[in-house]
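Undergrad: Below you'll find the structure I mean.
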Amino acid sequence: MDRFLSSLFLLLSLEVVSAGNVLFGGMHASQSHIGSMMPFAVRMTQENHSVHFLESYTLPNSYRFPPCITPHFFKLPGDEIYTRQVLGLMWTRTYDAEVMSQVYSVADKTFLDIMKTYPEKIGGLLNASWDLQVVDELFGLTSMGLALKHKKKNRTIIQSTTSTINAYTWEMGLVLQRLFINLSTPLPPPFSLVSQRRQPQVRRIQVLHAASHYHHWNSRLRDLSSDPRTLQRGRHESHRNPRFSFFKLWNESAFNFIEEITTFIFPSPISNDIKAVGKSCKKAKSLNKEFLDFVDDPMSKGTIYIAFGTNVLWEFAPEYIMKAFFNTIDRLADYRVVFTYNGLKINKTIPGHVKIVSWSPQLDLLSHKRTKLYITHGGLKSVKEAICTSTPLVILPLFAEQTFNAALALKLGIGKSLNKYTLTEDKLYKSIISVLEEPKYAAAVAKHSQMFTDLPIPALDEGAFYANRAIRLKDEILTLRLRVQTELVCGSARTYCHNLCGCLGFVEFVMGLMKD
């Protein structure tokens, strides 16, 4: 029956849609975000569309796009201040709205820098006729500017590369949700980075903390300067566009495509303009000889893989974290340890069971039969790949929604989470041994791996169907989208949280103190 439904859906999806030009755009200087968007981009090429991808980057090398994708590279100089004040502090600081708004400001500046450095090249993209634009939800201001410049409603899809849109699916599904940010916003020290629901006083402080950040976040985002009107006039200086609205961009897009892993735990209503395309798993390749020879040691109990993503800079990690990691892996002599490390030179002898590399084939390593554990910062892509490959986790969340992803992993029972402020060698070692030796973690992740892609319609096929619909309808209003209701409910929910959640949290906090 499932095969019949899938075949019927695919047959219906073959409605007449001419091959079109599709432009993808990801977050500036983030190959991880591009990697999250790539499966859907490749799937769109299978619909005979000409798929292009805009990448702005500061690394020596650009993303390795497959031959079916036409890349447009914009290499820009690195921002040392951003590197030190934003990326460098993630080890020792709780990221609040002020810091996150700085990231948006960097993305905003990137758009203007591209205009100054590559006027003809970006002009070609601006003047091209795109049948569909797919924009990264997070910090993708260059692509957002391109989308706004063309001013074609229903021709843009916002694609989730993190848990941001997931946070608002309840609101978009016509339900007033609780203040979600308190689940994903980490508390300042000494409180835990993962929600402690059994500690009422901590919970009260968390509500206040999240409410204040929610207010600050919204006020800061209004200060962004990218103005598509200035692009047409050839101006490159910073201009604030008083009519620029993230909400308007979201509301006038055809669909929101999300990377959804929360449905395992939190059933929720969802509006019909939100489509989960993330429940797909890439196919791994065989390991090359360098890594295969290392992990296939018959005397080893298995492989432990450590990787924290390209934006986590180990050169800024505090000494106590460095000691905790390197002393711990020294003690894991019964295992092979692959550590993807981009920090300073290591001034100690590396034991033979440890392989330190600047880059590793992550999916291929996680898919290898001898890999037993994945130690990560808990990015959405990392958690997804752990589920896809049935690999248990030890998570050290550092910033953004990684705390929320760690909480999901704990709820699913697929791993453990640690606190970056209180990490010690003993805590790290005990967590690793616990996940390795207690069968419940491997059993849980294997179960959820089977459930993840067990869908009537493959997620990417469903995404391609709705993308083709957006192209086919052109400027017509999508009848499936509840625009008015979504605007009313989202606006009401935001106003409700903005005005009441902080107040109610404060009242609860004061009453709790009086009771204590």
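Undergrad: Counting residues that are closer than 29 Å to I258 by Cα, of a type in the set (K, R) and at pLDDT 95 or above, which helices (runs of 4 or more DSSP H) fully inside the stretch 421-495 reach at least 1?
TA: On the way: elements: 425-437, 439-452, 459-473.
It comes to 439-452.
Undergrad: Does R64 satisfy being of a type in the set (K, R), part of a loop (DSSP other than H, G, I, E, B) and modelled with pLDDT of 90 or more?
TA: Working: of a type in the set (K, R): yes; part of a loop (DSSP other than H, G, I, E, B): yes; modelled with pLDDT of 90 or more: yes.
Taking the combined requirement at face value, the residue satisfies it.
Undergrad: While we're here: I want to confirm something. Restricting to the stretch 254-282 and keeping residues that are assigned to a strand (DSSP E or B) and among the aliphatic types (A, V, I, L, M), which single residue is surrounded by the most Cβ atoms within 10 Å (Cβ to Cβ)?
TA: Here is the first cut: in the stretch 254-282, the ones assigned to a strand (DSSP E or B) are 255-258, 274-276.
With the extra rule that they be among the aliphatic types (A, V, I, L, M), the set shrinks to 258, 274, 276.
Values: I258: 26, I274: 21, A276: 22.
Step by step, filter the stretch 254-282, then rank; the result is I258.
Undergrad: So which of H353, H368 is touching a helix residue (DSSP H, G or I) at 6+ places or on another chain (Cβ under 7 Å), over 23 Å from Y95 (Cβ atoms) and either touching a residue at least 40 places away in the same chain (Cβ under 8 Å) or not small (G, A, S) (or both)?
TA: Working: H353 fails: touching a helix residue (DSSP H, G or I) at 6+ places or on another chain (Cβ under 7 Å).
Among H353, H368, only H368 is touching a helix residue (DSSP H, G or I) at 6+ places or on another chain (Cβ under 7 Å), over 23 Å from Y95 (Cβ atoms) and either touching a residue at least 40 places away in the same chain (Cβ under 8 Å) or not small (G, A, S) (or both).
Undergrad: Something else: So, of the residues in the stretch 325-342 that are outside any strand (DSSP E or B) and among the hydrophobic types (A, V, I, L, M, F, W, C), which turns out to be surrounded by the fewest Cβ atoms within 10 Å (Cβ to Cβ)? Show your work before the answer.
TA: Of all residues in the stretch 325-342, those outside any strand (DSSP E or B) come to 325-335, 341-342.
Next cut, among the hydrophobic types (A, V, I, L, M, F, W, C) only: 325-326, 329, 332-333.
On the way: F325: 21, F326: 18, I329: 23, L332: 19, A333: 14.
Filtering first and then ranking leaves A333.
Undergrad: A follow-up question, please. Restricted to the stretch 331-368, and to residues that are basic (K, R) and modelled with pLDDT of 95 or more, which residue is farthest from the chain's Cα centre (by Cα)?
TA: Residues of the stretch 331-368 basic (K, R): 331, 336, 345, 348, 355.
With modelled with pLDDT of 95 or more added as a condition, the list becomes 331, 336, 355.
Numbers: R331: 33, R336: 29, K355: 27 Å.
It comes out as R331.
Undergrad: Now a separate question. If I filter the stretch 386-419 down to residues being in a helix (DSSP H, G or I) and in contact with a strand residue (DSSP E or B) (Cβ under 8 Å, 6 or more places away or on another chain), which single residue comes out as surrounded by the most Cβ atoms within 10 Å (Cβ to Cβ)? First the steps, then the outcome.
TA: Kept after step one, since they are in a helix (DSSP H, G or I), are these residues of the stretch 386-419: 386-388, 402-412.
Filter again for in contact with a strand residue (DSSP E or B) (Cβ under 8 Å, 6 or more places away or on another chain), leaving 386, 402, 405-407, 409-410.
On the way: A386: 25, Q402: 31, N405: 28, A406: 29, A407: 22, A409: 29, L410: 16.
Checking each candidate, the answer is Q402.
Undergrad: Let me ask another. Hey, can you tell me all the residues within the stretch 27-50 that are small (G, A, S) and within 20 Å of L146 (Cβ to Cβ)? Explain how you work it out, then say what you get.
TA: Step one: list which residues in the stretch 27-50 are small (G, A, S), which gives 29-30, 32, 35-36, 41, 50.
A29, S30, S36, A41, S50 - these are the residues of the stretch 27-50 that are small (G, A, S) and within 20 Å of L146 (Cβ to Cβ).
Undergrad: Among (1) among the aromatic types (F, W, Y); (2) modelled with pLDDT of 85 or more; (3) within 30 Å of K411 (Cα to Cα), there is one condition W130 misses while meeting the rest; what is its number?
TA: Unmet condition: (3).
Undergrad: Kindly establish whether D273 is closer than 24 Å to D136 by Cβ and of a type outside the set (A, V, I, L, M, F, W, C).
TA: Numbers: closer than 24 Å to D136 by Cβ: yes; of a type outside the set (A, V, I, L, M, F, W, C): yes.
In short, yes.
Undergrad: For the stretch 412-430, give me each residue that is without any contact (Cβ under 8 Å) to a residue 24 or more places away in the chain and of a type in the set (D, E).
TA: Correct list: D426 only.
Undergrad: Regarding K345, is this residue in a loop (DSSP other than H, G, I, E, B) and of a type outside the set (G, A, S)? Talk me through it step by step, then tell me what you get.
TA: Details: in a loop (DSSP other than H, G, I, E, B): yes; of a type outside the set (G, A, S): yes.
Judged against the criteria, K345 is a match.
Undergrad: Please specify each residue of the stretch 404-429 satisfying the condition of being within 23 Å of M451 (Cα to Cα) and among the polar types (S, T, N, Q). Before you say what the answer is, go through the steps one by one.
TA: Initial filter on the stretch 404-429 (within 23 Å of M451 (Cα to Cα)): 404-417.
Within the stretch 404-429, N405, S417 meet the criteria.
Undergrad: For E80, only one of the following conditions fails: (1) modelled with pLDDT under 90; (2) under 23 Å from the mean Cα position of the chain (by Cα); (3) among the charged types (D, E, K, R). What is its number?
TA: Failing condition for E80: (2).
Undergrad: Would you check if D297 is over 27 Å from the mean Cα position of the chain (by Cα), in the same structural domain as T424 (by the TED database), farther than 30 Å from S253 by Cβ and free of Cβ contacts under 8 Å to residues at least 24 places away in the same chain?
TA: Values: over 27 Å from the mean Cα position of the chain (by Cα): yes; in the same structural domain as T424 (by the TED database): yes; farther than 30 Å from S253 by Cβ: yes; free of Cβ contacts under 8 Å to residues at least 24 places away in the same chain: no.
It is false that D297 is over 27 Å from the mean Cα position of the chain (by Cα), in the same structural domain as T424 (by the TED database), farther than 30 Å from S253 by Cβ and free of Cβ contacts under 8 Å to residues at least 24 places away in the same chain.
The values are calculated or read from the model by the stated rules, or taken from the named source; none is laboratory data. Every value quoted in this text rests on a predicted model; they were computed, and no experiment measured them. Ideal geometry is used to build each Cβ from the backbone, glycine not excepted, and the neighbour counts take in all protein chains shown.
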